[in-house]
Amino acid sequence: MDRYYFYKNDGLQNQYVLMTQKTLEDAPEVFFDPNALSSDGTKSLGPSSFSESGKYWAYGITASGSDWNTLYVKDIETGKTLEDKVEWVKFSGISWLHDDSGFFYSRYPEPKTLAAKGEKDEVEGDDVKRGSETDSNLNMAVYFHKIGDPSSMDTLIYSDPTVPKWMFRAQVSDDGEYMLVTVSESTAPVNRLYTAKVSDVMAHVAAGGGGSVGVTKLIDNFDAGYDYVTNEKELFYFKTNKDAPKYKVITIDLGDPGTTKDLIPHKEDVLSDALCVANNLLVCVYMKDAHETLWIYSLTDGSVKQQVALPDIGSVANCTGRKEDSEFFYSFGGFVYPGSKFRFDTSSMESMLLREDKVVDHDPSYFETKQVFYASKDGTKIPMFIVCKKGKVFTGDTCTLLYGYGGFSISITPSFSPFRTVFIKHFDGCLAVANIRGGGEYGEEWHEAGIKLTKQNGFTDFQCAAEYLVDNKYTNPSKLTINGGSNGGLLVGACVNQRPDLFACAIPQVGVMDMLRFHKFTIGYAWCSDYGCADEDEANFKNLYGFSPLHNIKVPEGDVQYPAVLVTTADHDDRVVPLHSMKYAAQLQHAFKGVAKQKRPLLIRVDVKAGHGAGKPTSKIIEEIADIYAFIGANTGTECKREVV
């Protein structure tokens with residue numbers, strides 16, 4: 001591959017455009033523009049992968065924000081899209097054979113409710129139905145697609161119908177000699193790991209398939225997670241949490257699979273990412289107190305080569321590079337710093353700034369960011385970022401937006417959003433981001449302290465964050481809004497029920513609101529590793545019933561009313577299906593019907609041709625944020641000022 005590729009958006013384009021350039025000094029050219037796929041921007045680019053030589057580009061297209069992808073292949077030299085087309089791909093990567101003849105991918109059967117309608121539903125259409133169904137996603141399987149063949153001829157590589165909820169994904173090793181199959185049963189950071197020689201897999205394909213290919217079950221339990229980093233012949237390198245809640249890098253020799261060795265041992269900071277470049281270097285991203293650092297290690301002995309200097313406290317993202325290349329790329333950003341893209345040269349061991357995102361009328365020096373640590377109810381110290389106008393004097397009446405997530409070992413690190421800086425500037429507001437338990441900010445122990453029977457810890461942490469902001473005169477309950485999406489929507493819904501007196505406004509977005517039935521729809525069963533399951537036993541049922549937002553709405557005692565609630569969802573959300581938000585909003589309105597003291601509105605906003613969030617066009621994002629900020633302003637008595645002092 002002898003070209004560079006990157007994404008670009010002029011700021012108002014509905015979708016990012018994939019650009020290309022021969023050298024870093026050449027003028028970039030448009031390689032693929034998803035905005036040309038639809039007039040309203042609701043077709044977006046999903047997973048994509050270049051073949052080893054750079055001859056082909058395989059890519060997924062999704063419609064209306066659904067998780068379903070249709071795969072296509074583009075001939076890079078001619079610029080033409082080939083006849084190849086693969087349907088019903090979801091939660092899949094694309095991994096090429098090194099001879100460019102084809103790729104591995106994962107897919108599900110067509111959903112039964114869509115198939116039963118007998119209508120042809122294709123991503124190219126304007127009225128795409130896929131993504132509006134609620135069928136459970138079962139029987140994922142790995143297939144091989146040969147370039148030029150119809151997808152009906154794709155060869156089954158691996159499946160296991162005896163465990164229909166398991167998820168299988170295939171990856172070709174850096175040297176092209178092995179296929180690795182990662183097996184997951186949930187969203188928990190644990191997996192099984194199977195291997196096979198590519199030569200054996202392709203012999204299976206040449207013979208016409210017929211069942212799964214034979215594999216070596218290198219890891220055959222769900223005790224820990226193993227993420228492939230690279231390999232040197234039979235010596236494989238993995239990032240793992242095996243006996244390492246903050247992760248480490250180990251080696252496993254396929255010739256002696258029972259023996260593992262630590263290359264980079266477990267440390268105090270969390271190992272977020274590991275990438276092999278320049279054949280013998282490991283690029284490692286570490287996280288400390290929810291912000292990140294970048295390091296270079298030796299692949300040979302695990303010794304530290306260099307810490308890469310970063311511009312400020314913030315987040316490292318999009319670390320990309322190939323093992324054979326003497327360079328890699330990364331992005332850096334923070335709450336008030338738009339993304340900066342860097343190239344690191346492994347020959348000189350120096351970084352070079354490639355480009356910076358530019359935002360009109362944005363001056364980072366206008367803002368200040370600080371991190372505080374507050375005590376939760378059980379004494380645990382919780383980190384929280386606070387972002388506001390530099391030098392602002394707080395008197396307890398600032399319109400404040402408190403955000404949280406707290407689930408699935410996902411870490412909320414500093415990231416830039418022009419919508420948040422607009423809120424701070426034009427509402428004279430304050431942004432607070434609480435890194436509550438259930439996330440991955442301090443590794444697996446932090447995650448496990450906020451899941452299943454300990455899920456309440458995260459809700460309590462969030463409520464204590466609100467109390468900290470009030471007690472320290474940042475704001476007061478009449479000026480405080482809480483916000484979160486997906487698992488964060490659950491967080492907001494639970495906290496509204498438990499402490500309605502503490503908030504003026506609540507924005508639960510695409511939230512998991514029915515905790516007794518979430519596992520019955522699309523991919524919801526995979527979340528039982530975080531939530532537990534009401535069908536499992538009495539303890540899980542009682543726990544889930546005790547905090548389920550849908551089942552705990554009640555009129556507060558005395559003169560306390562519920563916060564103003566704006567629920568948001570979308571008709572093609574096939575991750576957290578919209579019935580969660582619709583039932584929750586209906587129950588809210590039913591519970592408070594005729595209750596005179598409830599003066600604040602309880603509303604739902606349902607977007608169309610949109611999903612859980614990925615691929616949402618810029619125009620829709622702007623419309624949604626405008627509605628949310630208008631709602632916050634109206635219900636906290638805060639004016640949005642055109643001019644900024």
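Please treat every number below as a calculation from the coordinates, not as lab data. Keep in mind the model is a prediction, meaning the values are calculated, not measured. Virtual Cβ from ideal backbone geometry, glycine too; neighbours counted across all protein chains shown.
Quick one: of the DSSP bridges fully inside segment 364-636, what percent are antiparallel, nearest 5?
Working: 13 of 36 bridges.
Antiparallel bridges make up about 35 percent of those DSSP assigns within segment 364-636.
I need the phi-derived Karplus couplings for segment 460-469: 6.51 cos²θ - 1.76 cosθ + 1.60, θ = phi - 60°, integer Hz, Gly and Pro marked x.
In residue order, the calculated couplings are 5, 4, 5, 5, 5, 4, 4, 5, 4, 5 Hz.
Order these peptides, 628-634, 566-572, by their mean beta-carbon neighbour count within 10 angstrom, highest first. It would help to have the intermediate numbers written out before the result.
On the way: 628-634: 18.6, 566-572: 25.0.
In descending order of packing, they fall as 566-572, 628-634.
Can you give the log10 of the normalised intensity I(q)/I(0) at q = 0.18 Å⁻¹, computed with Debye over equal Cα scatterers of segment 392-488?
-0.83
What FRET efficiency do you get for Asp126 and Glu327 if R0 is 56 Å and r is their Cβ-Cβ distance, rounded to the nearest 0.05?
The pair Asp126/Glu327 has a calculated efficiency of 0.85.
Divide by every residue of the chain the summed helix terms, -39500 (n - 2.57) for each DSSP H run of at least 4, and state the resulting mean residue ellipticity at 222 nm, rounded to the nearest 500 deg cm²/dmol. All intermediate terms of the calculation are to be shown ahead of the outcome.
On the way: 10 runs with 102 residues, N = 645.
Rounded to the nearest 500, it is -4500 deg cm²/dmol.
Give me the angle, in degrees from 0 to 90, between the Cα long axis of helix 579-591 and the longest principal axis of the Cα atoms of the chain, rounded to the nearest 10.
The two axes meet at around 10 degrees.
Say a paramagnetic label sat at a point 7 Å from the Cα of Glu623, along Cα to Cβ; which residues of segment 115-154 have their backbone N under 20 Å from it?
Of the residues in segment 115-154, 125-132 have backbone N under 20 Å from the label point off Glu623.
Under the 0.36 nm per residue contour assumption, what length would be gained going from the current alpha-carbon distance of Ala614 and Gln21 to full extension?
My answer for the length gained is 210.8 nm.
Using a simple spin-label model with points 7 Å from Cα along the Cα→Cβ vector, what separation in nm is obtained for Lys217 and Glu643?
7.2 nm
Counting alpha carbon pairs within less than 8 Å and at least 6 residues apart, what relative contact order, in whole percent, applies to the chain? Please report the intermediate quantities before stating the final value.
Values: 1553 pairs, mean separation 63.0, N = 645.
The value is 10 percent.
Taking θ as phi - 60°, what are the ³J(HN,Hα) couplings along segment 298-308 by the Karplus curve (6.51, -1.76, 1.60), each to the nearest whole Hz, with x for Gly and Pro?
7, 6, 6, 10, x, 6, 6, 9, 5, 8, 7
How large is the Kirkwood hydrodynamic radius of segment 38-223, in angstrom, based on all distinct alpha carbon pairs?
When all Cα pairs of segment 38-223 are included, the Kirkwood radius is 17.3 Å.
Using 0.36 nm per residue of separation minus the Cα-Cα distance, give me the extension gain between Lys520 and Met582 in nm, one decimal. Let's see the in-between values first.
Working: separation 62, 0.36 × 62 = 22.32 nm, distance 1.63 nm.
Here the answer is 20.7 nm.
Quick one: pull the percentage of alpha-carbon pairs in the chain with a separation above 38 Å.
Of the Cα pairs, 35 percent sit more than 38 Å apart.
Between Ser365 and Ser478, what FRET efficiency comes out of the Förster formula 1/(1 + (r/R0)^6) with R0 = 41 Å and r the beta carbon distance, rounded to 0.05?
0.85
I'd like the FRET efficiency for Gln13 and Thr259, computed as 1/(1 + (r/R0)^6) with the beta carbon distance as r and R0 of 51 Å, rounded to 0.05.
It comes to 0.50.
Longer than 29 Å from Cα to Cα, which of Lys239/Lys620; Lys55/Lys129; Lys389/Lys455; Lys165/Lys217; Lys248/Lys381; Lys43/Lys239 are they? Say none if no pair is.
Lys239/Lys620; Lys55/Lys129; Lys389/Lys455; Lys43/Lys239
Which number comes out as Rg/Rh for segment 99-187 once both Rg and the Kirkwood Rh are worked out on C-alpha atoms?
My calculation of the ratio gives 1.01.
Tell me the relative contact order for segment 505-645 as a rounded percent, counting alpha carbon contacts under 8 Å between residues six or more apart.
27 percent
Running Debye on segment 364-636 with equal point scatterers at the Cα sites and no solvent, what base-10 log of I(q)/I(0) appears at q = 0.08, 0.11 Å⁻¹?
Each listed q maps to, in turn, -0.30, -0.58.
Between Ala36 and Tyr545, what length in nm is gained on full extension when 0.36 nm per residue of separation is reduced by their alpha carbon distance? Mind showing how you got there, number by number?
On the way: separation 509, 0.36 × 509 = 183.24 nm, distance 4.66 nm.
Gain on stretching Ala36 to Tyr545: 178.6 nm.
Within segment 219-254, name every residue whose backbone N is under 19 Å away from a label modeled 7 Å from Cα of Phe373 along the Cβ vector.
Answer for this model: 246.
With both bridge residues required to lie in the chain, what share of the DSSP beta bridges run antiparallel, to the nearest 5%?
85 percent
Could the peptides 254-260, 361-367, 54-60, 97-103 be put in order, highest first, of the mean number of other beta-carbon atoms found within 10 Å of their residues?
Listed from highest to lowest mean packing, they are 54-60, 97-103, 361-367, 254-260.
Arrange the following residues from fewest to most other Cβ atoms within 10 Å of their Cβ: Asp501, Asp357.
Exposure proxy ranking, most exposed first: Asp501, Asp357.
For segment 185-202, just list the computed ³J(HN,Hα) in residue order, Karplus coefficients 6.51, -1.76 and 1.60, θ = phi - 60°, integers in Hz, with x standing in for Gly and Pro.
After applying 6.51 cos²θ - 1.76 cosθ + 1.60, I find 10, 6, 8, 4, x, 9, 7, 8, 9, 10, 10, 7, 5, 4, 4, 5, 5, 6 Hz.
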